[in-house]
Amino acid sequence: MRPMVAQISDIRLSDLNQIMIHEHDLFTSPFTKEDYQFEIVSNPFATYKKIEIDNELVAWGGIHLLYEDSHLITIAVVSKYQHQGYGKALLKHFIELSKEHEATKMLLEVREKNQIAINMYESLGFKYNRLRKNYYPDDNGIEMILDWGNL
């Protein structure tokens, strides 16, 4: 049996139907297909990537690169692949991509109740920046920052 190889590549419009199936399973406030279409086709600041294993979707996410700032917009891992390091691998990829584009920091928002995600972000050096009351329809958001420009 050949080993499974995880590959990171750009999200294509043809990926959206598969992403939307999982988006609704993973998020209480999911992005719409139109949101993704805009980001992929029309937003010059957006970069969206996916991880696949043997052509099966494992994870996806997107960032906005705005001058010295990078902003994580979304990151998701298909349920059966969670807790295996794919989210962290994709986030590390986004951090490196941000550095290549001369960003000096990355910001993100995470649900206050999502301790698993907060722990992952902290393991990569993200720090609490501020509380964003009612950022999500059903939860507060925590804004976190990774600032490598001041290291």
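The values are calculated or read from the model by the stated rules, or taken from the named source; none is laboratory data. Just so you know, these numbers come straight off a predicted model, no measurement behind them. Cβ: placed from backbone, ideal geometry, glycine included. Neighbour counts: every protein chain shown. What goes into the accessible areas is simple: the full protein's heavy atoms, side chains included, and nothing from ligands, DNA or RNA. Shrake-Rupley method; radii C 1.70, N 1.55, O 1.52, S 1.80 Å.
For the chain, a crude dipole built from +1 on the beta carbon of Lys and Arg and -1 on the beta carbon of Asp and Glu, taken about the Cα centre, is about 340 debye to the nearest 20. Residue pairs exceeding 19 angstrom between C-alpha atoms, taken from 49/127; 49/88; 105/133: 49/127; 105/133.
Applying Stokes-Einstein at 25 °C and 0.890 mPa s to the Kirkwood radius of region 71-148, computed over alpha-carbon pairs, gives a translational diffusion coefficient of 188 µm² s⁻¹. For the chain, the 222 nm mean residue ellipticity estimated from helices alone, with every DSSP H stretch of n ≥ 4 adding -39500 (n - 2.57) and the total spread over all residues, rounds to -9000 deg cm²/dmol. Note that region 1-50 presents 67 Å² accessible area per residue, ligands and nucleic acids not counted, probe 1.4 Å. Counting only Cα atoms, region 19-151 measures 39, 31, 29 Å along its principal axes, largest extent leading. Label separation (residue 21 vs residue 145): 4.1 nm, computed from points 7 Å beyond Cα along the C-beta direction.
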